[in-house]
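*Asks:* Below is one structure. I have some questions about it.
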Amino acid sequence: MHLMVDVLTKSQILMLLAICEDTDMEDILVMEYQRQPLIIPRQRRSFYSSIPKQTQWYTLIVPNLPPNRYRFFFRMSTEQFDFVLREVMAITSTHEPFSQVPIKKMLHMYLYQVGNNAYLAEMDDRFACASPQKFTKYIATVLAGPLYKKFVRWPDAEEKERIKLQWEDFTGFKNIIGAVDGTHIQILGNGKYKAGYTSRKCVYAVNLTVVCDFNLRILYASIGCPGSYHDNRVWKYTPIFKKPQHFFDGYDVLLGDSAYTDSQYLISPYRVPSATDREKITFNY
């Protein structure tokens, strides 16, 4: 009987005492509990220490993730991550505020949080980091500041001509400099304003409007309108809609889906039921 309890931890002995109905066994458990607080055979300790713990997820699991799982967790490939990391490190090399955590790990933490809507407890568990929010906020500041200005910008005249040729070769439409669409970014509900931020998918969200070129490079992004707003309503709040003369030259136009209203600077498909003629169907597709 003593041989059996010798391999139990102190907490396991307490659990057995809570459910034990044999008085003789209770006496043995109490004696063992009082005799030594913790007895674990060396062989069992080495066996369990060889199994990756959750706190080792970042150091042991992430480097060996297959490409599809890596993209699932971080929303980009390893090659794309390396590119972003080089850009971030070029900015932070002169002023790293957190020497105890590498920039690479901070970037992984940020991408995991925004890509999986992760809570702080989950971040702490995955990355063995007690205060992940200060690191993710720092990376967000870098990405939303200098890197955003470097990569998210409206094309100049030369770039517009190149983009137009790409769209024309693919669609047959001329003078197209980009495509616009909207999406939702899920957020936590906030008191009395929950109804306004409830999207059509019944989640709390804010709207994101994006314009991209033929190669899916983002030219413009606007975020902040409540999730209950329609894409076309959000579009009318953007500077592109309000001051098109600052963005379009000559016959420049954007492509949009049926959520958007046709205008001088935006082409959208015909809507049902008017989109039943052969010519209109051909135009749409």
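*Asks:* Could you compute the net charge surrounding N207? Neighbours are other residues with a C-beta less than 15 Å from the C-beta of N207; K and R count +1, D and E count -1.
*Replies:* After counting each charged neighbour, the total is +1.
*Asks:* Quick one: 3J(HN,Hα) in Hz for region 246-262, Karplus 6.51/-1.76/1.60 with θ = phi - 60°, rounded, Gly and Pro as x.
*Replies:* The phi angles translate into 8, 10, 10, 10, x, 9, 4, 9, 10, 9, x, 7, 5, 6, 9, 8, 4 Hz.
*Asks:* I need Y260, Y229 ordered by Cβ neighbour count within 10 Å, fewest first.
*Replies:* Y229, Y260
*Asks:* Also, I was wondering about something else. With a cut-off of 8 Å between alpha carbons and a minimum separation of six or more residues, what is the relative contact order of region 79-145 in percent?
*Replies:* Relative contact order here is 34 percent.
*Asks:* So what's the net charge close to E159: Lys and Arg +1, Asp and Glu -1, counting the other residues with Cβ under 11 Å from its Cβ?
*Replies:* +1
*Asks:* Name all residues of region 245-261 having a backbone nitrogen under 16 Å from the label point set 7 Å from the Cα of R200 along its Cα→Cβ direction, giving them as ranges.
*Replies:* It comes to 256-261, nothing else.
*Asks:* Here's another thing I want to ask about it. Can you give the FRET efficiency for I91 and L216, using 1/(1 + (r/R0)^6), R0 = 22 Å, r = Cβ-Cβ distance, to the nearest 0.05?
*Replies:* 0.40
*Asks:* Restricting to lysines 8 or more places apart or on different chains, can you count the pairs in region 55-151 with Cα atoms under 22 Å from each other? Walk me through the intermediate numbers first.
*Replies:* Details: K104/K134; K104/K137; K104/K149; K104/K150; K105/K134; K105/K137; K137/K149; K137/K150.
Summing the qualifying lysine pairs gives 8.
*Asks:* I would also like to ask the following. Taking neighbour Cβ counts within 10 Å as the exposure measure, how do T238, T261 sort from fewest upward?
*Replies:* With the sparsest Cβ surroundings first, the list reads T261, T238.
*Asks:* Please arrange S99, S131 by counting, for each residue, the other beta carbons lying within 10 Å of its beta carbon, fewest first. Display every interim value, and only then the final one.
*Replies:* Details: S99 6, S131 12.
The order, fewest Cβ neighbours first, is S99, S131.
None of the figures in this text is laboratory data; all of them are computed from the coordinates on show. What you are looking at is a predicted structure, and each value in this text was computed from that prediction instead of being measured. As a convention, Cβ positions derive from the backbone with ideal geometry for all residues, glycine included, and neighbour counts pool all protein chains shown.
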